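Everything on this sheet refers to the single structure shown next.
The values are calculated or read from the model by the stated rules, or taken from the named source; none is laboratory data. Bear in mind that the values here come from a model prediction, so they are computed numbers and not experimental data. Here the Cβ positions follow ideal geometry from the backbone for every residue, glycine too, while neighbour counts run over all protein chains shown. Heads up: the accessible areas ignore ligands, DNA and RNA and are worked out on the full protein's heavy atoms, side chains in. Shrake-Rupley method; radii C 1.70, N 1.55, O 1.52, S 1.80 Å.
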Amino acid sequence: VSKAGTLGMLATGLRVVTRDQGQQHSTVALGTALIRNVAFYVMQQIPIVGQVNVLLPLFNKRRQTLHDMLANTQVVKIT
């Protein structure tokens with residue numbers, strides 16, 4: 001298992017996985033990671049969209065942000 005993730009994600013035991021993958025710990029494809037990161041940075045440049053992006057997990061069942069939805073990923077707690 002690779003140690004991919006930010007220091008905060010590693011410390012809290014979180015991992016980005018492809019949606020519906022569950023607790024499997026395989027890495028996300030490079031293209032998927034690139035889409036997710038570019039979408040995040042573009043959305044943060046537009047104030048209202050950036051705020052909606054970070055607040056959206058509070059209101060949806062899968063706790064996904066807009067950039068997670070675009071990249072078909074989700075963040076899960078690994079044990």
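Structure notes:
- Volume per residue of the C-alpha convex hull in region 39-79, rounded to whole Å³: 71
- Put a plus charge on the Cβ of each Lys and Arg, a minus charge on the Cβ of each Asp and Glu, and nothing anywhere else: the dipole of the chain about its Cα centre is then about 180 debye.
- Between helix 30-44 and the chain: long-axis angle, C-alpha atoms, 0 to 90°, nearest 10: 30
- MRE, 222 nm, helices only [DSSP H, n ≥ 4, -39500 (n - 2.57), over the chain, to nearest 500]: -13000 deg cm²/dmol
- Per residue value of the accessible surface for the chain (all protein chains in place, 1.4 Å probe), Å²: 69
- Gaussian network model of the chain, Cα within-10 Å springs - most flexible of LEU58, LEU66, LEU14: LEU58
- Carbon plus sulfur fraction of accessible area for the chain, probe 1.4 Å, in percent: 66
- Which labelled figure in [x] 46, 26, 20; [y] 49, 27, 20; [z] 37, 25, 23 is Cα extents along the principal axes in Å, once derived from the coordinates: [z]
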